[in-house]
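Here the structure comes first, spelled out in C-alpha cells, and everything after it is commentary.
The values are calculated or read from the model by the stated rules, or taken from the named source; none is laboratory data. Quantities reported herein were computed from a predicted structural model and do not represent experimental measurements. Using ideal geometry, Cβ is built from the backbone for each residue, glycine included, and neighbour counts are taken over all protein chains shown. These area figures cover heavy atoms from the full protein model, side chains too; ligands, DNA and RNA do not enter into them. Shrake-Rupley method; radii C 1.70, N 1.55, O 1.52, S 1.80 Å.
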Amino acid sequence: MSIITFINEKGGVGKTSVCFNIAWELSKRGRKILMIDMDGQKANLSFFAGVNKDSEISTMLDVFKKNIEIKSAVKNLKENLDIVPADSGVANLDMSAKVSKFRKELETVRASYDFIFIDVNPAPGWGHYLSLSISDYAVVVMLPDIASLEGNKGILETIEEIQETNNSQLKILGIVFNKNNNRTVLAKQVADVAKKISVQHQTKIFETKIRNSVSMSENLISHQGITDYAPSSAVAEDLRNLTDEILDGVK
Ligand SMILES: Nc1ncnc2c1ncn2[C@@H]1O[C@H](COP(=O)(O)OP(=O)(O)OP(=O)(O)O)[C@@H](O)[C@H]1O
Ligand SMILES: [Mg+2]
C-alpha cells in the first residue's frame with residue numbers, strides 16, 4: 001500500500017484533477033483506492049467526486065477535531081473507489097491536529113486499500129505538513145512554463161525539509177506537467193529548466209505530459225474520470241500512460 005500526496009504551492013495547476021483522474025483509472029484496473037480531501041477551503045476533490053457537502057456526512061475535519069474514526073468518514077463512490085470528503089477548516093487545522101492521529105487512523109484502513117491519494121490546498125501550511133509527513137510519495141503537479149518552474153522551487157524545498165525532519169520515507173515520485181501544449185516556442189527552454197530542477201531534487205519528470213483539454217472540465221458535470229467520460233480522447237491516453245508510470249514508480 002502506498003500513500004501519495006498530489007501537491008504544489010501554486011493554485012490551479014491541476015492537483016485535484018490529476019489526483020481524481022489517476023485514482024479513477026486505478027480503480028478501473030481493479031486497484032482499491034481511498035482518496036482523502038484535505039482541501040477544506042474548496043473541497044474540490046469532494047465536488048469532482050460528486051459528494052454533496054450539505055448532506056449529513058462526516059469529513060476529514062471530524063476525524064481531526066471530533067476525534068472520530070476515519071472509517072466512519074469513508075464514503076464509497078464506485079467499485080474500488082472511496083473518499084473521505086473535506087469540510088471548511090481542514091486546511092486551517094492547528095498543531096493539535098497532530099501527525100500521529102493521522103498516521104494512526106490510516107493504519108486502521110491500510111489493509112483495505114492499494115493506494116491512498118491525498119489532495120491538498122495550494123497554500124503551504126499545516127495541510128501540506130500533515131499530508132507529506134504521513135505520505136510515502138509526493139507527486140508534484142506543475143504547469144510547463146518557465147515562470148511556474150522557477151516559482152515552484154518552494155514546494156521541492158518544503159518536501160526536502162520534511163524528508164530531513166520527520167519523514168525520511170518520503171520520496172518525490174516525480175513531477176508531472178499538466179495543461180501541456182507542445183507547440184509553445186518555449187518548450188525546449190522549459191525542458192532544460194525542468195531537467196535541471198529534477199536533477200537538483202533527485203527526482204524525475206514523468207515522460208507523460210497531460211495535454212490541455214476541455215474534457216478535463218467537462219467531465220466534472222457527470223463526476224466521472226476522463227478515462228470513462230472521454231475514453232478515446234488524447235487526454236485520456238495521457239492519463240492512462242501516467243497511471244502506468246505511477247504504477248512502475250511505486251514498485
Ligand atoms: N489538462 C487540463 N486541461 C485543461 N483544463 C484542465 C486540465 N487540468 C485541469 N484543468 C482545469 O483547470 C482548473 C484547475 O484544476 P484543478 O482544480 O485540478 O487545480 P488545483 O491545482 O487542484 O487547484 P487549487 O490549487 O485551486 O486546488 C479546473 O477548472 C480544471 O478543470
Ligand atoms: Mg485542488
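In sequence order, the range 206-217 has phi-based couplings of 4, 4, 6, 9, 8, 5, 6, 8, 5, 4, 5, 10 Hz under the Karplus curve 6.51 cos²θ - 1.76 cosθ + 1.60, θ = phi - 60°, and Gly or Pro positions carry x.
Here the chain carries DSSP beta bridges of which approximately 10% are antiparallel, counting only pairs with both residues inside. Normalised per residue, the accessible area of the range 147-211 is 58 Å², obtained with a 1.4 Å probe and no contribution from ligands, DNA or RNA. Between N241 and E157, the modelled labels are 3.3 nm apart [label points 7 Å from Cα along Cα→Cβ]. Accessible surface area normalised per residue over the range 19-127 is 44 Å², counting heavy atoms of protein chains with a 1.4 Å rolling probe. Surface composition of the chain: carbon and sulfur atoms hold 48% of the protein heavy-atom accessible area at a 1.4 Å probe.
Measure out, as a whole number of angstrom, how far apart the alpha-carbon centroids of the range 230-251 and the range 137-214 sit. Result: 17 Å between the Cα centres. Comparing A191, A147, A43 in a Gaussian network model of the chain, where Cα atoms under 10 Å apart are tied by springs, the biggest mean-square fluctuation is seen for A147.
Treating each Cα of the range 2-241 as an identical point scatterer and ignoring solvent, apply the Debye formula and state log10 I(q)/I(0) at q = 0.12, 0.16 Å⁻¹. These q points yield log10 I(q)/I(0) values of -0.64, -1.16. Between I197, I33, I221, the residue with the greatest mean-square fluctuation in the GNM of the chain (Cα pairs under 10 Å linked by springs) is I221. With the simple spin-label model, which puts each label point 7 Å out from Cα in the Cβ direction, the D228 to Q202 separation comes to 4.0 nm.
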